[in-house]
Structures are given as structure tokens and as C-alpha cells.
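Report on the structure given below.
The values are calculated or read from the model by the stated rules, or taken from the named source; none is laboratory data. Keep in mind it's a predicted model, so treat the numbers as computed, not measured. So basically every Cβ, Gly included, is an ideal-geometry build from the backbone, and we count neighbours across all protein chains shown. These area figures cover heavy atoms from the full protein model, side chains too; ligands, DNA and RNA do not enter into them. Shrake-Rupley method; radii C 1.70, N 1.55, O 1.52, S 1.80 Å.
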Amino acid sequence: QVQLVESGGGLVQAGGSLRLSCAASGSSFSIYSLGWFRQAPGKEREFVAAASYPASIAYVADSVKGRFTISRDNAKNTVYLQMNSLKPEDTAVYYCAADLSAGRVRTGKCDYWGQGTQVTVSS
């Protein structure tokens with residue numbers, strides 16, 4: 001079992017930066033693949049980024065490539081999403097997720113989800 005708690009969301013102007021954190025509790029955090037997803041009002045949830053296990057390969061959606069970076073600190077049981085050059089279209093609730101399968105993380109079929117944190121980018 002893994003419990004996930006996101007933090008770091010807020011209101012930022014376009015062009016600004018935020019760093020989201022997702023703290024995990026439970027067992028064996030280091031063996032889980034981790035992902036970030038987002039859902040804007042009236043839209044479906046979409047994949048943003050993933051950090052796989054065991055290869056620690058990072059995957060980033062084309063829509064955020066070059067602006068967002070995912071990283072994980074297994075010693076702190078935390079995964080981060082650094083978001084730079086934010087745009088109004090990045091406004092959404094951001095969720096972190098975990099699963100033993102990297103493939104399931106990349107397709108959003110994760111066993112564990114956080115409660116989400118709101119990111120609002122003003123123009």
C-alpha cells in the first residue's frame with residue numbers, strides 16, 4: 001500500500017515556475033514507478049510525466065516537454081514535478097500516481113493516486 005500527498009500548487013503568472021511535490025508513505029516506495037497527471041475543468045485527465053522503476057527513465061508528454069521535469073528522491077519518498085515557463089493552458093488539478101508497472105503509470109492505470117493539487121496560471 002502507498003499513500004500519496006501532493007503539495008506545491010498555487011497561483012502563478014504566465015512564464016512563472018512552480019515545483020510540485022508528492023510525498024509517499026507506505027512500503028517500498030523505491031520500487032514503484034511514479035507519474036504526474038492533470039485534469040482541467042471539462043477535460044479528461046491527461047498524462048504529464050513519469051519516472052519509471054528500476055531504470056529511472058523519465059517520460060514527459062509532448063505538451064510539456066522542455067518545460068516540465070520529473071524527478072524522484074527515494075531517500076525522501078518523494079517525487080517532484082518542476083514546472084517552468086508555465087502557460088494558462090497548464091491550469092489544472094495535478095495528481096501524482098504510483099504503480100508497480102511503468103507501463104500502467106504511462107497509461108494512467110495506476111493503483112495509487114493522490115488527492116490532487118490545484119495549479120492556476122494567469123495570463
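In the chain, the DSSP beta bridges split such that about 90 percent are antiparallel, to the nearest 5. What lysines does Lys109 reach when the alpha-carbon gap must be under 17 Å and sequence neighbours fewer than 8 apart in one chain are set aside? Qualifying lysines at Cα under 17 Å: none. Estimated from helical segments only, the mean residue ellipticity of the chain at 222 nm is -1000 deg cm²/dmol, where each DSSP H run of four or more residues counts as -39500 (n - 2.57).
Among the GluC sites (Glu not before Pro) found in region 22-90, those both in a DSSP coil and sparsely packed, with 10 or fewer other Cβ atoms within 10 Å of their Cβ, are Glu44. Remark: accessible surface ordering of Lys87, Lys109 (largest first) is Lys109, Lys87, probe radius 1.4 Å. In the chain, the ratio of gyration radius to Kirkwood radius, Rg to Rh, stands at 0.94 when only Cα atoms are counted. Direction-averaged projected area, Cα convex hull, region 74-123: 4.5 nm², rounded to one decimal. Applying a 4.7 Å Cβ-Cβ cutoff to the chain leaves Cys110 as cysteine residues with no disulfide-compatible partner. Gyration tensor analysis over the Cα atoms of region 1-73 returns equivalent ellipsoid semi-axes of 22, 15, 13 Å (largest first, whole Å). Mean separation of Cα pairs under 8 Å and 6 or more residues apart, divided by the residue count, gives region 51-123 a relative contact order of 27 percent.
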